[in-house]
1. Sorting check: for 63-70, 86-93, which peptide has the highest mean count of neighbouring beta carbons within 10 Å, and how do the rest follow?
2. Would you please classify the overall shape of the stretch 1-81 from the alpha carbon gyration tensor, given that a ≥ b ≥ c denote the square roots of the eigenvalues, rounded means a/c under 1.5, and beyond that prolate means a/b larger than b/c while oblate covers the rest?
3. Sort 166, 24 so the one with the fewest other Cβ atoms within 10 Å of its own Cβ comes first.
4. Along the Cα→Cβ direction, 7 angstrom out, place labels at residue 148 and residue 166. What is the inter-label distance in nm?
5. Give me 96, 26 ranked fewest to most by other Cβ atoms within 10 Å of their Cβ, as a rough exposure proxy.
6. At 7 Å along Cα-to-Cβ for each site, give me the label-to-label distance between residue 110 and residue 63 in nm.
7. Roughly how many nanometres apart are two label points built 7 Å out from the Cα toward the Cβ at residue 7 and residue 56?
8. Report the calculated FRET efficiency for residue 103 and residue 45 (r = Cβ-Cβ distance, R0 = 30 Å), to the nearest 0.05.
């Protein structure tokens, strides 16, 4: 099954990456059918056990990225994309994917901040967020002054590396 799930996942990741880079949005018309298809294909290939595994993968994606969304550090499209990927690859593979996604996202964020010449500001506000600071007012992940980076490319890179690593 693993080879079978890779190709639809890669196709969705390519489209999600291009739309996220271009418009900072991952469309529901892409993610919702992909999620439903992942559950359906898992059920078709493995019966109820496949459906359970698919739902568990989607739940892991919703939980982990949902927390980041709630903190204001992630967009809703990223959460839905991660849940849909989890429905296709299951919770175990998704956890591996999320580790690589975090590494890719961190490298991308540092490169992006260096390129945009706000690396010092990035680290300064990160410390305020982690340790709290009343000097500059309340600092949150959802601060409107922050620069938004499309995260679908990091999700794509992390997921593809997890496919190669298996």
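Taken together, the values in this text are just the output of simple stated rules run on the coordinates, not laboratory data. In this text the structure is predicted, and so the values were computed from the model without any measurement. Cβ placement follows ideal geometry from the backbone for every residue including glycine, while neighbour counts extend to all protein chains displayed.
1. On the way: 63-70: 16.9, 86-93: 23.1.
Result, highest mean first: 86-93, 63-70.
2. oblate
3. Numbers: 166 11, 24 14.
So the ranking, lowest neighbour count to highest, is 166, 24.
4. Between residue 148 and residue 166, the label points sit 3.2 nm apart.
5. Details: 96 17, 26 26.
Ordered by Cβ neighbours within 10 Å, fewest first: 96, 26.
6. Between residue 110 and residue 63, the simple spin-label model gives 3.0 nm.
7. 2.8 nm
8. Values: r = 31 Å, r/R0 = 1.02.
After rounding, the FRET efficiency stands at 0.45.
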